[in-house]
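Let me begin by presenting the structure, written as structure tokens, before commenting on it.
The values are calculated or read from the model by the stated rules, or taken from the named source; none is laboratory data. Not measured: the values here are computed from a predicted model. Heads up, the Cβs are rebuilt from the backbone with ideal geometry, glycines too, and the neighbour counts pull from every protein chain shown. These area figures cover heavy atoms from the full protein model, side chains too; ligands, DNA and RNA do not enter into them. Shrake-Rupley method; radii C 1.70, N 1.55, O 1.52, S 1.80 Å.
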Amino acid sequence: MTLSYIVSGFAVGLLVGMTGVGGGSLMTPLLTLLFGVSPSVAVGTDLAFASITKSAGTLTHRVRGTIRWDIVKRLCIGALPAAVLATLALKAFGTVSPAIGQIIRYSIAGSVMLTVVALIFKGRMLNWINAHPERQLQGNKLSAATIISGAVLGVLVTVSSIGAGAIGATLLVMLYPRMSSAEVAGTDIAYAVPLTAIAALGHWWLGSIHWELLMSLLIGSLPGITLGSWVARSVPEKFLRVLLAMTLTTVAVKLIY
């Protein structure tokens, strides 16, 4: 089974490198559907996986100067307390009960579909915002919206491990349309590090992290991400996004039914 996990880590890493979509959208459903890992353990293990891999990405973006730390701060003000409260709620209601497991399963499916929406309509939403500059938030309203977005992502990521990637990046693009693509990517990764770390610690406290599985996924994902980044240069982005959107939609339907 360890070899299967390593291969799965490689496959997810390959897709992440090719598309830029967060691994949670792919890894958590894969563990749940293909390997029969319980939803709570799949979420906890993927959060630990994300906190480690995103830390490396943050260092790179910091060196390149592509992180907006003021926005990271606002997102964390909302996300980190929300992650703690979501963890306490999972503890209170019991992560291993069938009912809570089903809720987590539906949360994963819902987060996957939000990722699909972000993939398909991100360009159109950005075009609309740029065409209506009067609708863009400014000042205190923008700060409040950023904090609220962080809180929503904090709950979503803690419960489903999905949201810090494509959904978070899409929210940043909508709130800060003048940010460069590199700044969006760097800021999205940077705020996700403390969020996924706190959420992972919470799941460790809940006992829902599979450590052998985590190490196997890491061993496979690192070369996968490297190779995917190279392959992405020769594959049309639109084709990749359509393929990924179709795959994620199928995954979401299977999670529900």
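Out of curiosity, is Leu248 in contact with a helix residue (DSSP H, G or I) (Cβ under 7 Å, 6 or more places away or on another chain), surrounded by 15 or more Cβ atoms within 10 Å (Cβ to Cβ), farther than 20 Å from Val16 by Cα and touching a residue at least 60 places away in the same chain (Cβ under 8 Å)? Answer is no for this residue. Is one or more of the residues making up the range 135-151 under 17 Å from the mean Cα position of the chain (by Cα), in contact (Cβ under 8 Å) with a residue 12 or more places away in the chain and outside any helix (DSSP H, G or I)? Taking every residue of the range 135-151 in turn, none turns out to be under 17 Å from the mean Cα position of the chain (by Cα), in contact (Cβ under 8 Å) with a residue 12 or more places away in the chain and outside any helix (DSSP H, G or I). Residue pairs whose Cβ atoms lie under 6 Å apart, sitting 6 or more positions apart in sequence or on different chains, and linking a residue in the range 201-227 that is part of a helix (DSSP H, G or I) to a partner that is among the aromatic types (Phe, Trp, Tyr), are Leu213/Tyr5; Leu214/Phe49; Ser216/Tyr5; Leu217/Tyr5; Leu217/Phe49; Gly220/Phe10; Gly224/Phe10.
Residues in the range 160-189 that are surrounded by fewer than 24 Cβ atoms within 10 Å (Cβ to Cβ) and of a type in the set (D, E, K, R): Arg178, Glu183. Out of all the residues in the range 53-64, which are in contact (Cβ under 8 Å) with a residue 12 or more places away in the chain and open to solvent by 30 Å² or more (accessible area, probe 1.4 Å)? Thr53, Lys54, Ser55, Arg62, Arg64 - these are the residues of the range 53-64 that are in contact (Cβ under 8 Å) with a residue 12 or more places away in the chain and open to solvent by 30 Å² or more (accessible area, probe 1.4 Å). Just one of the listed residues (Val152, Val116) is at pLDDT 75 or above, touching a Ser or Thr at 6+ places or on another chain (Cβ under 7 Å) and under 29 Å from Ala86 (Cα atoms), and it is Val116.
Of all the listed residues (Phe35, Phe10), the sole one being modelled with pLDDT under 85 and surrounded by fewer than 24 Cβ atoms within 10 Å (Cβ to Cβ) is Phe35.
Being within 16 Å of the chain's Cα centre (by Cα), of a type outside the set (A, V, I, L, M, F, W, C), open to solvent by 10 Å² or more (accessible area, probe 1.4 Å) and closer than 27 Å to Tyr176 by Cα, is that true of even one residue in the range 44-52? First the steps, then the outcome.
First pass over the range 44-52, keeping only residues within 16 Å of the chain's Cα centre (by Cα): 44-52.
Then keep just the ones that are of a type outside the set (A, V, I, L, M, F, W, C); that gives 44-46, 51.
With open to solvent by 10 Å² or more (accessible area, probe 1.4 Å) added as a condition, the list becomes 51.
Subsequent filtering for residues that are closer than 27 Å to Tyr176 by Cα retains 51.
Scanning the range 44-52 turns up at least one residue that is within 16 Å of the chain's Cα centre (by Cα), of a type outside the set (A, V, I, L, M, F, W, C), open to solvent by 10 Å² or more (accessible area, probe 1.4 Å) and closer than 27 Å to Tyr176 by Cα.
Candidates are the residues of the range 190-223 that are of a type in the set (Ser, Thr, Tyr) and under 30 Å from Ala144 (Cβ atoms); the one that is surrounded by the fewest Cβ atoms within 10 Å (Cβ to Cβ) is Thr196.
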